[in-house]
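First the structure, in the form of structure tokens, and then the observations on it.
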Amino acid sequence: MLNKRNELLRNGKLLGLVRLVPLVAVLILFFFAANSYADNQVMGEVQFEGATKVERDSGVWIDGQYVGYLKELKGDKKVMLLPGEHQISVRQAGLDDFVRQIVVEPGQKQTVRVAMQKSAGWITPSARSTLKLTVQPNRAAVFLDGRYVGHVGEFGGKFHSLEIASGKHRVKIELPGYRTFETEINLLAGQKSEVKTELVKGSIEQNDAMIKQIAQQGASNPR
């Protein structure tokens, strides 16, 4: 008799628990939904559209901080900003910088349409060499002799590389949240070379000023 009563009590508790679980799940979902809704009301989203592949592969700086290349800034990498005025700078080697001041409104979404123009100061080197980059993460920014030339993904794999003037160059690869990688290369005319590395995770404070600067001048041809 006692065993039967204990079994009924256990069954009753289990039944109550089964009924309680969906309620707890609903409350949790409501909590996260409410928080998400509140966040969306505070932050504003900025989307980017590029006129051509050149723009879509260009680097984006927001308020002087490199955030990635244009076509990747969506999904889990979408750009959410606090309300107020922000400066957008888009850079690509051989093109004039695209610079815009935008005002972000709480909970609002806006699209920045990027169209870039060829830089008048761009000069194609007569003696050229080829540099291939095999670096992870491949969204990192690449600087050659102190000038932004693109992101790693543009210069790696079977069919992509960077054509540069032969001679000595300083290569710097940076991404917020990773330690800066630097190396020096010295290439002969027609020579092919490759830089292979994996960036080490670190603090954003360890990044060089190059990915924190506001782009004020057009990227020009590497020397």
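The values are calculated or read from the model by the stated rules, or taken from the named source; none is laboratory data. Just so it is clear, the structure is predicted and the values come from calculations on it, not from any experiment. Positions of Cβ are backbone-derived with ideal geometry, glycine not excepted, and every protein chain shown enters the neighbour counts. Quick note on the areas: whole protein, heavy atoms, side chains included, nothing else; ligands and nucleic acids left out. Shrake-Rupley method; radii C 1.70, N 1.55, O 1.52, S 1.80 Å.
Ligands, DNA and RNA are left out, and with a 1.4 angstrom probe the accessible area of region 115-191 is 49 Å² per residue. For region 134-209, applying the loop criterion from DSSP together with a ceiling of 11 other beta carbons within 10 Å to the chymotrypsin sites (Phe, Trp or Tyr not before Pro) yields F159. Between Q108 and K53, the simple spin-label model (points 7 angstrom out along Cα→Cβ) gives 3.6 nm.
Residue separation of Q101 and V200 scaled by 0.36 nm, minus their Cα-Cα distance, works out to 32.3 nm of gained length.
Straight-line cross-link reach from K74 at under 13 Å between alpha-carbon atoms covers these aspartates and glutamates, not counting any fewer than eight positions away in the same chain: E45, E49.
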